[in-house]
1. Take N238 and tell me if it is outside the structural domain of S338 (by TED's automatic domain parsing), on the phi > 0 side of the Ramachandran plot, in contact with a helix residue (DSSP H, G or I) (Cβ under 8 Å, 6 or more places away or on another chain) and among the polar types (S, T, N, Q).
2. Output the residue which, of all residues in the range 339-372 that are of a type outside the set (A, V, I, L, M), touching an Asp or Glu at 6+ places or on another chain (Cβ under 6 Å) and more than 16 Å from T395 (Cβ to Cβ), is modelled with the highest pLDDT.
3. Considering only the range 354-413, state which residues are more than 30 Å from K262 (Cβ to Cβ) and part of a helix (DSSP H, G or I).
4. Are any residues in the range 90-115 in contact (Cβ under 8 Å) with a residue 40 or more places away in the chain and hydroxyl-bearing (S, T, Y), and if so, which ones?
Amino acid sequence: MALLLSPAVKSQDKFPDGTAIPAWFKENKPTDIKALGKKYIVTENGMKNDSTVLQTRKMQEIIDLAAKNGGGVVIIPKGTFLISSVFFKQGTHLFLEDGAKLKGSDDINDFPVLTTRIEGQTVKYFPALINADGLDGFTISGKGILDGNGLKFWKSFWKRREWNPKCTNMDEMRPRIIYVSNSKNIQIEGITVKNSPFWSTHYYKSHFVKLLNLTILAPKEPVKAPSTDAVDIDACTNFLIKNCYMSVNDDAIALKGGKGPKADTDLNNGENRNILIEDNTFGFCHSVLTCGSESIHNYNVLLRNSVVKDPSRLLHLKMRPDTPQHYEYITVENIRGSVKTFLYVKGWNQFFDLKGEEKPKKGLANTITLKNIDITCETAFSVEKSDLYELKDFTFENLNIRAVKPEEQNLINIRNLKQKKVSVTRIAALSQASGKKDDSDIAAR
């Protein structure tokens, strides 16, 4: 669904720091399962098309058999197969045929407890449905569905939050759908990921990762799917998200990496660097792109050539005072559509903990560029002033913003703000916006 842009606003092929975007980001080929080894069709190896019987053990046996025999592709044919957590091994891959569905158990007792990464910590928690750790070249492809079957988990979370408003996201025990860690040369392509109990897909300390042509969904009604981030990027480098559709009840793309007053010295944490997000469409979500809430350093992040349809925020910088944070060289360009808030910068104090230290950490966001954007919003600039973080060296260029509440006075909280061809028009209501929201610039998927 590539976005068709006029030649006048085409992006230069450079990262925000001016370095050339490497050829790897442009060499995007469909996964060829014929080149990945022997095919292991699960129904020919003991699994049944049955959405009521848990078949985790049998699927793991098939993965293990493929690995033992030198690798291959585990193929899910048309049908529904109920599982909890499975763990892929070197040389093994997953392919979901059109009409295939791997459905997660909604009983947390079916999931093991082991050491994993979640919310900026390495702790004992629950693995995802699909797990890949320490792999080189792992792929997931096809046109099928990974369904987290999250409704029961969501209801339990909101009931717990009603009983204890201070409960954390991890207090209600919930698995993710995809978790890839300590891996490289990863490609996940074509499938639909939906109804996750917790984060939809999570990538930790992984490098050269491509997410292509994905659909990632979690509802905001009638039951809100809490904490269902579409993509969590956690201490990764060289990461591409392209031609995807994301609509979830939390952030579409969240950059993470660690939290706490000594997060930058903990070897379990790390920075995100060289992240390219392009040619995507965003439905409802809390933010299209968020830095935080567990994040220490984000560098060279480029979001471009995309359509937004009712996210709460376009760019959200969460400034966490109990964590040393630095967000730099971030560019958002060639975006059109509608959001509630165009730019949102605020302190983030959820589960604040200085762990015995006396003074909060001071965060910094600098060299942030927003350009070639045509947007309708309720609030243009929600930029909070604080002594706990510094905002400087922002650039706004070629912005056409229609806002019910421009709030331009908030821009004085940014030091050394450069503006060129910026138009902010006050409107009485979103229905007065002249910009149309449609799919005319998105090629058929």
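1. Values: outside the structural domain of S338 (by TED's automatic domain parsing): yes; on the phi > 0 side of the Ramachandran plot: yes; in contact with a helix residue (DSSP H, G or I) (Cβ under 8 Å, 6 or more places away or on another chain): yes; among the polar types (S, T, N, Q): yes.
Yes, satisfied.
2. Our first condition is that a residue be of a type outside the set (A, V, I, L, M); within the range 339-372, this holds for 340-342, 344, 346-353, 355-363, 366-367, 369, 371-372.
Now restrict to residues that are touching an Asp or Glu at 6+ places or on another chain (Cβ under 6 Å): 340, 346, 352-353, 366-367, 371-372.
In the following step, the residues that additionally are more than 16 Å from T395 (Cβ to Cβ) were identified as 340, 346, 352-353.
Numbers: K340: 97, K346: 93, F352: 62, D353: 64.
Step by step, filter the range 339-372, then rank; the result is K340.
3. Filtering the range 354-413 down to residues more than 30 Å from K262 (Cβ to Cβ) leaves 369-382, 395-412.
Answer for the range 354-413, where residues must be more than 30 Å from K262 (Cβ to Cβ) and part of a helix (DSSP H, G or I): E408, Q409, N410, L411, I412.
4. Within the range 90-115, T92, S105 meet the criteria.
The values are calculated or read from the model by the stated rules, or taken from the named source; none is laboratory data. Computed from a prediction, not measured in an experiment: that's the story for all the values here. FYI the Cβ positions are ideal-geometry reconstructions off the backbone, even for glycines, and counts take in every protein chain you see.
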